[in-house]
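Read-outs throughout are calculated quantities, based only on the coordinates presented, and are distinct from any laboratory measurement. Model, not experiment: these values are computed from the prediction. All Cβ positions, even for glycine, are placed from backbone atoms using ideal geometry, and neighbour counts span all protein chains on display.
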Amino acid sequence: MPADLAHDWWKSAVVYQIYPRSFADSDGDGVGDILGIRQRLDHLERLGVDVVWLSPVYRSPMADNGYDISDYCDVDPLFGTLADLDGLIGDLHERGMKLVMDLVVNHTSSAHAWFQESRSSRDNPRRDWYWWRPARPGHRGGEPGAEPTNWGSAFSEPAWTWDPDTEEYYLHLFDAGQPELNWENPDVREAVYSMMRWWLDRGVDGFRMDVINLISKVVTDQPPGLADGEVGGADGGPIDTMRYGDPGPYVLNGPRVHEYLQEMHREVFAGRPAGLLTVGETPATSIEQARLYTDPQRGEVDMVFQFEHVDLDSGPGGKWDVVPMTVRDLKETMGRWQTGLADVGWNSLYLGNHDQPRCVSRYGDDSPEHRAASAKALATVLHLHRGTPYVYQGDELGMTNAPFASLDDLRDIESLNAHRSMLARGLTHEEAMAAILTKARDHARTPMQWDAGEHAGFTTGTPWLAVNPNHQEVNAAAQVDDPESVFCHYRQLIALRHEEPAVVHGDFTMLLPEHEQVYAFVRRLDDTEVLVLANLSSREVVDPGDLGHGWDDAELVVGTAGRTDSQGRRILGAWESGVLRRRG
Ligand code: TEU
């Protein structure tokens, strides 16, 4: 690791996200684990990524696949041991890579000792570590409608659960097994900071902070101190606002969130050597808010995951209200975020993760004819924007959504609850399944496709979630030595970011914003210009405006940049993409 690592080293880095349940299983129990990851680090080194973001491996009852943590300072036996994790940290550092852990501190598991104590009695010292409230006045606790507010959770249920022992409700914006921590309580914050320092002392290089913009709640002075949300309002997120009140205005980007993040920075990161990375997951966050979160002068986080481009196909009814999206929509939002954080802050760049369907199926064309080209075109566009790219495991192979046929094929609490909720409000099973089969998180969670063998080389046992049958064609073994493969295309893009400063620091100019098929832009730094052109459609594009005029003698650095027909018009084939560079 270069000693003089620049403070903002992560601007030229590429992060690879590993979802441990689905990456590689070393002991044949059908669930991925840490030793499995350690056995597959050559894949990451060949790809050229700089950082691994590891989704949770902590002790957990797995109500939400690890995003419900019962012990922050231990590894769940399903994934291995602390020693295994120390080994992974060592292996990555030896290879010049870093490890970023998932920090899930907006909520804990209900099995966490803190919550067990908190729910044990109303006057337990940890009672105020969570959000407990009495039943709505005039209502008997436990009865429908008695919840302190009408809020819905992201998993399509009431956001409050009654505790018959202490006769109060506790708040959870996700599953009932994920009670919200009360960050108003300074002891809660200090407990979190000391846990973070413990991991940094162990060699971890930073944190991806789960729903970090939910930690400050708007507490009103009228009982129960929290207000009802609007039902039927446009949420766009996973909350089923057709049935429940939208908690958004009371929990998103709350009044003390910046104060808490600045305190965290002072208490955890200040004074530590450069070389750490912090990225906040911030659903429903505006550019204005993102500038505050990522302005280095403010000492909060290095970058955030914003959700606008992954909510483009969500209608007024939220995530499950699936609506079409266009290339123009994608350009409009990506372009605005490029401009919005051009002078302050920094963007994270992603099209997929463990919560989103596969990007090639959602934004591309996963038919056998176009899958590889569209996977490359999406990567070309994403990786050349100004920001830090994130590769979700399998996207570097062009992995697609899975052919789930029925609810039995799914495992994710979010989809299973959403199905029940949609039926409860009168949708048919077919209507509910149509939405779920489009947006299900399990699409991203099918096992990694290492080879064409049984279970794609992921496990010698029975995978916890079925392997995508297209692993016969789509797998790492078939791609790593194929210069025309999606894998090698990703490797070229990552290498370009490492060697071309204009890709890291160059300004961004969108071209042809109104074009229905073409996504093109220029990056400029000093005397270097980089032109990125991509046809994000399955139809050929003829003469996309004066795109590329004057670039005839430019250097083609990645992909292809179309052909010129007899009339001198540039033709871009279906899903064709390329990067041109010129100097002076
Ligand atoms: O996700 C938060 C979040 O925004 C998701 O609920 C997202 O909106 C939804 O899944 C899109 O369908 C984080 C984690 O990434 C997710 O895996 C967890 O389930 C959630 O927090 C609770 O920890």
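Computing FRET efficiency as 1/(1 + (r/R0)^6) for Arg266 and Asn124, where r is the C-beta to C-beta distance and R0 is 25 Å, gives about 0.25. The residues His172, His429, His265, when put in order of fewest to most other Cβ atoms within 10 Å, stand as His429, His265, His172. Derived from the Cα gyration tensor, the three semi-axes of the equivalent ellipsoid of region 59-218 are 33, 15, 14 Å, largest first. In region 473-520, the inverse of the mean reciprocal separation of distinct Cα atoms equals 13.3 Å; this is its Kirkwood hydrodynamic radius. With K and R counted +1 and D and E -1, the other residues having a Cβ less than 11 Å from that of Met264 yield a net charge of -2.
The Kirkwood hydrodynamic radius of the chain, based on inverse pair distances between different Cα atoms, is 24.7 Å. On the basis of the beta-carbon distance and an R0 of 25 Å, Glu454 and Ala83 show a calculated FRET efficiency of 0.25. According to the Cα-based calculation, Rg over Rh for region 421-541 is 1.11, with Rh computed by the Kirkwood formula.
Listed by Cβ neighbour count within 10 Å, with the fewest neighbours leading, Tyr58, Tyr260, Tyr490 appear as Tyr260, Tyr58, Tyr490. Its relative contact order, with pairs defined as Cα atoms under 8 Å and 6+ residues apart, puts region 264-353 at 30 percent.
Using alpha carbons only, the radius of gyration of region 176-279 set against its Kirkwood radius gives Rg/Rh = 1.05. With bins 5 Å wide beginning at 0, the percent of Cα pairs of region 312-406 falling in each bin runs 2, 12, 20, 23, 22, 13, 5, 2, 1, 0. The His7 and Val219 beta-carbon pair, evaluated with R₀ = 51 Å, returns a calculated FRET efficiency of approximately 0.90. Looking at the chain alone, DSSP beta bridges between its own residues are antiparallel in about 65 percent of cases. As an equivalent ellipsoid, region 241-365 spans semi-axes of 28, 19, 13 angstrom, where each value is the square root of five times an eigenvalue of the C-alpha gyration tensor, largest first. Using a cutoff of 8 angstrom between alpha carbon atoms and counting only pairs six or more residues apart, the relative contact order for region 369-493 works out to 29 percent. Working note: Karplus 6.51/-1.76/1.60 with θ = phi - 60° gives region 356-372 the couplings 10, x, 4, 5, 5, 7, 8, 9, x, 9, 8, 5, x, 5, 10, 4, 5 Hz, where Gly and Pro are set to x. Karplus-based coupling profile of region 16-26, in residue order and whole Hz: 10, 8, 10, 9, x, 4, 10, 8, 7, 9, 8, with θ = phi - 60° in 6.51 cos²θ - 1.76 cosθ + 1.60 and x standing for Gly or Pro. Using a cutoff of 8 angstrom between alpha carbon atoms and counting only pairs six or more residues apart, the relative contact order for the chain works out to 13 percent. Label-to-label distance, Asp329 versus Gln39, with points set 7 angstrom from Cα along the beta-carbon direction: 4.2 nm.
Charged neighbours of Glu555, selected by a Cβ distance under 10 Å, balance to +2 (K, R count +1; D, E count -1). Amide H to amide H distances under 5 Å link Val391 with Val15, Tyr16, Gln17, where only residues 5 or more positions off or on other chains count and H is placed in the peptide plane.
Distance between the modelled labels on Asp201 and Ser367, one decimal in nanometres: 5.9 nm (7 Å Cα→Cβ projection).
Among beta bridges identified by DSSP and lying wholly in region 1-110, the antiparallel ones come to about 20 percent.
Among residues other than Arg497 with Cβ under 10 Å from its Cβ, the summed charge is -2 (Lys and Arg +1, Asp and Glu -1). Between Glu230 and Gln472, the modelled labels are 5.2 nm apart [label points 7 Å from Cα along Cα→Cβ]. Listing Ser216, Ser415, Ser374 from fewest to most neighbouring C-beta atoms within 10 Å gives Ser216, Ser415, Ser374. Computed per residue of the chain from DSSP H runs no shorter than four, each worth -39500 (n - 2.57), the mean residue ellipticity at 222 nm is -7000 deg cm²/dmol.
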